[in-house]
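Since the structure comes first, as structure tokens, the remarks are kept for the end.
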Ligand SMILES: C[S@@+](CC[C@H](N)C(=O)[O-])C[C@H]1O[C@@H](n2cnc3c(N)ncnc32)[C@H](O)[C@@H]1O
């Protein structure tokens, strides 16, 4: 595990945090000058970055709706981020009123919000942990989820903050091994597809001082995060095209996403 694994003890307003930068890009108010400055640099480099974030969020909502409609009642949301539009429990419970959702994040600002928002009696709880600590996350999740029944493991826009040296594919596999047959694994990640190496380097440099650097990956590396799991139709696609092509023009900073089934 890398040095980044330490849990930040308190809110660091001096450096950009991925959770708060994302919040700002999505139009939220839970961010500081360092986050707005970082977001501004990304948007200056690529003005469509905001569309990519919004489309990723819509992908998440479609995945949760789709899986809830297929009878999945339990969700483990890794790197859940700050509360924003259509949080996972709201989408899930709209379709399955008894759906249970465990949010996991390591950002102290997310923890502060979670304290106010989550209520196990309403089927929602929060585990404050680095997602790389699989044992801790699953121990916390077991308080609400029955892991002998199918769970949707959501790793949406989070694995691009896990460096290769921490084996993100091995991490997904470690979770998958603990989940029941019929569980699903949903992943979206920032991709290098159609992005120039120069732009990749400049966008990465914005996160140099963040708690986790940013790792955009090529398509085959994102596919490999699912390991041997079989992807459900339509496979690994631009998030706008899941589960069906939307006709949305290709975004310059593209996110790829897909959902696999644990046999
Ligand atoms: C871009 S946001 C994505 C939020 C949400 N999943 C979505 O797609 O809308 C990434 C989130 O992952 C969290 N994160 C990044 N690395 C993490 C790690 N190793 N452990 C826990 N959370 C992490 C960040 O704090 C942030 O809240």
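Take the conditions away from the ligand (no atom under 14 Å from the Cβ), part of a helix (DSSP H, G or I), over 14 Å from the mean Cα position of the chain (by Cα) and modelled with pLDDT under 95 and apply them to residue 41. Does it pass?
In short, yes.
Among the numbered criteria (1) touching a residue at least 60 places away in the same chain (Cβ under 8 Å); (2) over 12 Å from the mean Cα position of the chain (by Cα); (3) in a helix (DSSP H, G or I); (4) within 12 Å of the ligand (Cβ to nearest atom), which single criterion is violated by residue 59?
(2)
Within segment 72-94, can you find the residues that are within 16 Å of the ligand (Cβ to nearest atom), assigned to a helix (DSSP H, G or I) and free of Cβ contacts under 8 Å to residues at least 40 places away in the same chain?
89, 90, 91, 92
I'm told residue 150 meets every condition in (1) in contact (Cβ under 8 Å) with a residue 40 or more places away in the chain; (2) crowded, with 23+ Cβ neighbours inside 10 Å except one. Can you identify the failing condition by its number?
(2)
Does residue 97 satisfy being under 17 Å from residue 64 (Cβ atoms), away from the ligand (no atom under 11 Å from the Cβ) and either surrounded by fewer than 23 Cβ atoms within 10 Å (Cβ to Cβ) or at pLDDT below 90 (or both)?
yes
Filter segment 239-263 for residues that are surrounded by 14 or more Cβ atoms within 10 Å (Cβ to Cβ) and without any contact (Cβ under 8 Å) to a residue 24 or more places away in the chain; which is farthest from the chain's Cα centre (by Cα)?
Per the criteria, the residue is 246.
Any residue in segment 18-44 that's closer than 21 Å to residue 189 by Cα: show its pairings with residues that are assigned to a helix (DSSP H, G or I) and more than 14 Å from the ligand (Cβ to nearest atom) at Cβ separation under 8 Å, as long as the two are six or more apart or on different chains.
Taking only residues 6 or more apart or on different chains, the pairs are 24/36; 25/43.
With the checklist (1) assigned to a helix (DSSP H, G or I); (2) within 14 Å of the ligand (Cβ to nearest atom) in hand, flag the one item residue 67 doesn't pass.
Result: residue 67 fails condition (2) only.
Have a look at 168, 150, 213 and point out the one that is within 16 Å of the ligand (Cβ to nearest atom) and within 20 Å of residue 134 (Cβ to Cβ).
From the options 168, 150, 213, the qualifying one is 168.
The values are calculated or read from the model by the stated rules, or taken from the named source; none is laboratory data. Quick caveat, the model's predicted, so the values are computed rather than measured. Heads up, the Cβs are rebuilt from the backbone with ideal geometry, glycines too, and the neighbour counts pull from every protein chain shown.
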